[in-house]
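One structure is given below, encoded as structure tokens.
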């Protein structure tokens with residue numbers, strides 16, 4: 001059995017070294033059987049992965065998840081910007097008129113362009129355009145999780 005040269009047990013070189021040994025296959029099988037016997041839920045597995053990541057970050061090791069998901073809300077904000085613009089034009093307001101509601105002209109342009117906004121800004125828009133929040137966001141595309 002090769003000696004461990006790594007200072008920290010979770011370094012990439014040690015992981016590669018372990019993956020070549022027959023013992024690695026044994027431990028993977030044993031781990032699967034233990035998980036099945038203990039009926040570990042996916043939530044517990046995710047929590048365990050997080051704890052391992054945290055511990056590895058403390059010992060200056062790198063950790064990469066197999067799948068990283070992020071929220072993509074670009075279509076939502078683009079559609080929201082188009083809807084805000086149409087509602088503003090329906091009320092016969094110009095972008096400069098929105099300054100009287102506390103928005104800067106540049107900020108309002110970014111809102112209509114589809115830049116992400118905060119919930120507070122969304123509520124300010126509903127007050128300025130005198131529309132309920134439900135009407136403003138009804139039918140807009142939902143944000144989706146994408147894997148990188």
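Each value in this text was obtained by applying a stated rule to the coordinates, not by laboratory testing. Predicted model only: the values in this text are computed from it and were never measured. Note: ideal-geometry Cβ built from the backbone for every residue, glycine included; neighbour counts use all protein chains shown.
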Most packed first (mean Cβ within 10 Å per residue), the peptides 133-139, 98-104 order as 98-104, 133-139
Taking 0.36 nm per residue of separation between residue 118 and residue 75 and subtracting their Cα-Cα distance, the length gained on full extension comes to 13.9 nm
Expected unfolding gain across residue 145-residue 97 under the 0.36 nm per residue rule, minus the alpha-carbon gap, is 13.6 nm
Expected sort for 107-117, 85-95 on mean C-beta neighbours within 10 Å, highest first, is 107-117, 85-95
Eigenvalues of the alpha-carbon gyration tensor of segment 71-147, times 5 and square-rooted, give semi-axes in Å, largest first, of 22, 13, 11
